[in-house]
Protein chains: 2
Amino acid sequence: MSENKEIEIMQSVYDKNDQVAAEINLSLTKKGIFAVNVMGSPGAGKTSSLIQIIKGLNNITPYVIEGDIEADFDTKTLLSLGVKAIQINTEGACHLDSPMIGKAVDDLDIEKGILFIENIGNLVCPAEFQIGEHMKMLISTVTEGSDKPYKYPLAFEKADIIIINKCDLLPYVDFDENFFMKGVRALNKTAPVIKVSCKTGQGFDEVRTVLKNKGQF
Amino acid sequence: MSENKEIEIMQSVYDKNDQVAAEINLSLTKKGIFAVNVMGSPGAGKTSSLIQIIKGLNNITPYVIEGDIEADFDTKTLLSLGVKAIQINTEGACHLDSPMIGKAVDDLDIEKGILFIENIGNLVCPAEFQIGEHMKMLISTVTEGSDKPYKYPLAFEKADIIIINKCDLLPYVDFDENFFMKGVRALNKTAPVIKVSCKTGQGFDEVRTVLKNKGQF
């Protein structure tokens with residue numbers, strides 16, 4: 001197959017995805033649901049961050065769509081905490097796409113509230129696909145190192161909020177915050193960047209404030 | 001486009017890749033070069049591990065092909081240490097493929113020795129693509145958590161050696177080694193699993209022994 005043919009095919013995949021994403025976004029907006037696409041590397045603490053955020057949401061109802069290639073540990077944890085959650089297993093696929101979300105939204109049967117869509121742990125591919133979200137939340141960590149914005153620019157460029165997780169480990173790792181921020185700001189002038197720790201709860205009040213403002217709750 | 005058509009196209013991409021990979025593998029073998037495909041999440045410590053390994057290789061000449069979406073920090077670090085290294089920037093692509101490696105091998109001009117090919121930081125896509133390697137080395141970390149084999153099975157299944165990095169942080173994180181190993185062994189009965197720390201150097205003698213045995217140095 002020619003390279004041009006491959007490019008044309010990929011473009012058709014993106015176009016189809018974006019069209020479905022726009023429909024989902026409109027349908028969620030009409031229902032009063034604010035959707036957040038949660039992205040980050042494997043083990044960045046996506047579910048742990050959601051648990052911290054959800055703890056203090058008070059009168060806003062949270063929903064979670066959990067994306068994983070396989071397994072459903074995180075959905076079970078969320079359900080055990082009383083959170084309405086549903087699992088998507090992509091069985092190999094490296095990102096969520098909008099048709100998967102369309103089906104999950106129907107199955108989850110949600111009303112007014114905030115919907116977190118936890119993407120596959122992958123700092124590359126999820127950033128390329130709209131899935132009907134109103135905002136993208138990127139979770140980075142001090143253990144991954146401060147060069148991540150330079151090496152994985154798209155995720156940092158597209159994020160509407162950036163969380164730096166695992167700050168309780170700062171005394172034990174080499175994380176150059178200035179270098180990290182310089183990389184972030186070269187790509188993204190406006191996203192709030194908030195230091196948090198899922199272990200201590202540090203920073204999550206600020207994260208919730210951003211989400212509530214963006215979602216107009 | 002129909003789903004069948006998309007599957008057919010992806011199969012053609014895999015087939016073309018595997019064919020080039022087999023040619024590269026044969027050509028490297030003939031030259032006496034043992035190639036290691038180094039995989040792991042963003043920030044798992046792939047380059048740091050290579051630096052530790054290379055330190056004690058003695059009379060075996062190391063070469064490195066560095067894969068990154070963007071930036072060339074790691075190649076500069078390796079070159080400053082006197083290691084013959086070359087950068088591949090995929091400019092968005094989430095994994096290395098064999099045509100990229102074919103070109104880099106020609107450009108690097110290598111002779112007898114060990115060639116480390118550091119893949120894009122991504123625990124999903126690189127595991128799907130042969131790139132001419134003789135073995136796959138997977139670097140996981142205690143900071144990512146012990147559920148990774150369950151959530152990202154393919155990388156663990158295909159690995160010929162698994163390194164658990166950042167063990168100096170074990171006192172500060174919740175890492176359940178038994179649960180991790182149970183997940184690994186359900187997928188992979190034979191790969192040696194070695195605990196290391198790039199900070200202390202712990203465990204890298206054992207990693208080198210495995211590499212030397214597999215490469216018949």
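The values are calculated or read from the model by the stated rules, or taken from the named source; none is laboratory data. All values derive from a computational prediction rather than experimental measurement. Here the Cβ is made from the backbone with ideal geometry for all residues, glycine too, and neighbour counts use every protein chain on show. Remember, those area values only see protein heavy atoms, side chains included, never the ligands or the DNA or RNA. Shrake-Rupley method; radii C 1.70, N 1.55, O 1.52, S 1.80 Å.
Once the other residues with Cβ under 12 Å from the Cβ of A:LYS214 are scored (Lys, Arg +1; Asp, Glu -1), what is the net sum? Neighbourhood net charge equals +1.
Phi-derived couplings, Karplus 6.51 cos²θ - 1.76 cosθ + 1.60 at θ = phi - 60°, listed residue by residue for the stretch B:144-161: 6, x, 8, 8, 4, x, 6, 8, 10, x, 4, 4, 6, 5, 8, 5, 9, 8 Hz, with x used for Gly and Pro. Per-residue shielding of A:71-78, expressed as the average number of other chain Cβ atoms within 10 Å of the residue Cβ, stands at 2. The charge dipole of the stretch A:52-94, taken about its Cα centre with unit charges on the Cβ of Lys, Arg, Asp and Glu (plus for the first two, minus for the last two), comes to roughly 340 debye.
The protection proxy used here, the mean number of other Cβ atoms lying within 10 Å of each residue, ranks peptides A:194-200, B:112-118, B:75-81 as follows, highest first: B:112-118, A:194-200, B:75-81.
Taking other residues whose beta carbon is less than 13 angstrom from the beta carbon of A:GLU157, and scoring Lys, Arg as +1 and Asp, Glu as -1, yields +3. Residues of the stretch A:127-146 that become at least 10 Å² less accessible with every protein chain present than in their own chain isolated, using 1.4 Å: which are they? SASA drop of 10 Å² or more in the stretch A:127-146: A:GLU128, A:THR143, A:GLU144.
At a 1.4 Å probe radius, carbon and sulfur cover how many percent of the accessible area of the stretch B:148-190? Could the numbers behind the result be given before it?
On the way: 1000 of 1970 Å².
Its accessible area is 51 percent carbon and sulfur atoms.
With R₀ fixed at 60 Å, the C-beta to C-beta distance from A:ASN4 to B:GLU206 puts the FRET efficiency at about 0.80.
For the stretch A:1-102, GluC sites (Glu not before Pro) meeting the loop criterion (DSSP other than H, G, I, E, B) and having at most 10 other Cβ atoms within 10 Å: A:GLU91.
For the chain pair B and A, buried accessible area totals roughly 3100 Å², probe 1.4 Å, rounded to the nearest 100. The modelled label-to-label distance for the pair B:LYS76/B:LYS31, using points 7 Å beyond Cα in the direction of Cβ, is 2.7 nm.
Helices in the protein assembly as shown, meaning DSSP H runs of at least 4 residues, each add -39500 (n - 2.57). Divided by all residues, the mean residue ellipticity at 222 nm is -12500 deg cm²/dmol.
Counting only heavy atoms of protein chains, what accessible area per residue, in Å², does chain A have with a probe of 1.4 Å?
42 Å²
Label sites at A:ASN178 and B:PHE217, each approximated as a point 7 angstrom past Cα along Cα to Cβ, lie 3.9 nm apart. Straight-line cross-link reach from B:LYS55 at under 17 Å between alpha-carbon atoms covers these lysines, not counting any fewer than eight positions away in the same chain: B:LYS46, B:LYS76, B:LYS84, B:LYS199, B:LYS212.
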